[in-house]
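Novice: Dumping the structure here so I can ask a few things about it.
Values quoted throughout were computed directly from the atomic coordinates according to the rules given, and no laboratory measurement underlies them. Just so we're clear, the structure is a prediction, and the values are computed from it rather than from any experiment. Virtual Cβ from ideal backbone geometry, glycine too; neighbours counted across all protein chains shown.
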Amino acid sequence: MKKYIPDCITSVNLICGIIGVVFAFKGRPDAAFALMLAASAADFLDGFAARALNAYSDLGKELDSLSDLVSFGVLPAVMLYNLSGTCMFGESWVSWIPLVLAPASGLRLAKFNVDSRQTDGFLGLPTPASALLCGSLCYYVAANPASFLADWCAGPVFLPVLSICLSALMLSEIPMFSFKFHKDDPSALKIKRTALAVLVLAAVLVCIFCKINWSAVVLLTFVCYILKNLVYAILKI
């Protein structure tokens, strides 16, 4: 039975993504983001369970990618679509641009499955990172409608450009470090992770002392993750 445990956890990821899409269409970014976080936890735990139980399978690999497409491709695309439709243009064609995240995520996941170079790190932005950035943004704007981010999202540029940039990053060849720890990880990789952890801790402290909504921590975490990897790629560190 143990070989089915990772697949069951992966199915939780898929279920959370499906229900999250329903809540996103209902205009409930709070519930949709909570379900995205739950899907992220399941996405981490299924890999952990597969390694611990030595229960790898081709079925599990395909199920994981299909689940990620829903939870980290379709769900964030729908959340941004709903945000752009309510904040910006109503039914204008511009509000449809965020949906480009879904096919870009599908291509990213397919590329990952057939690319043997991405065993210890990533080439291109991982779909969960893109999704959590989008989900936290939508939740933050809903919780803080008077914030500067809400003003940006109400404009004609920010959300379409964000969607296109995230899609381009997912399909790029930019090296990005992984959060999966191994005993033989090089010291340079450990330093990169530690530096990001310090920035995340600083974001947590700022949010606590300034009484900023907790979703800003998630948002800042993945903004820092993207910017740091871009800097590393430019400097070839």
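Novice: For a label point 7 Å from the Cα of Trp93 along Cα→C-beta, name the residues of the stretch 145-171 whose backbone N is under 12 Å from it.
Specialist: Residues passing the 12 Å test: none.
Novice: Hey, another quick one. Could you line up Ser163, Ser84, Ser178 from fewest to most neighbouring Cβ atoms inside 10 Å?
Specialist: Starting with the residue having the fewest Cβ neighbours, the order is Ser178, Ser163, Ser84.
Novice: Could you line up Lys2, Lys61 from fewest to most neighbouring Cβ atoms inside 10 Å?
Specialist: Lys2, Lys61
Novice: Which peptide among 75-82, 3-10, 143-150 comes first, and what is the full order, when sorted by highest mean count of other Cβ atoms within 10 Å? Mind showing how you got there, number by number?
Specialist: Values: 75-82: 26.9, 3-10: 18.8, 143-150: 13.0.
Packing order, densest peptide first, comes out as 75-82, 3-10, 143-150.
Novice: Can you compute the label reach from Lys111? Point 7 Å from Cα along the Cβ direction, backbone N cut-off under 11 Å, restricted to the stretch 165-181.
Specialist: Within reach of a label on Lys111: 167-175.
Novice: Only helical DSSP H runs with n ≥ 4 go in: add -39500 (n - 2.57) per run for the chain, normalise by residue count and round the 222 nm mean residue ellipticity to 500 deg cm²/dmol.
Specialist: Result for the chain, helices only: -22500 deg cm²/dmol.
Novice: Roughly speaking, what is the centre-to-centre gap between the stretch 154-229 and the stretch 91-119 when only Cα atoms are used, to the nearest Å?
Specialist: Measuring centre to centre over Cα atoms gives 18 Å.
Novice: Using the alpha carbon gyration tensor of the chain, what are the three equivalent-ellipsoid semi-axes (square root of 5 times each eigenvalue), largest first, in whole Å?
Specialist: Working from the Cα gyration tensor, I get semi-axes of 28, 22, 18 Å.
Novice: Further question: With θ set to phi - 60° and the Karplus curve 6.51 cos²θ - 1.76 cosθ + 1.60, what are the ³J(HN,Hα) couplings of the stretch 185-191 in order, to the nearest whole Hz, using x for Gly and Pro?
Specialist: My calculation for the stretch 185-191 gives 4, x, 5, 4, 5, 5, 5 Hz in order.
Novice: Helix 215-235 versus the longest principal axis of the chain: what angle, 0 to 90°, nearest 10, using Cα atoms?
Specialist: Here the helix axis deviates by roughly 70 degrees.
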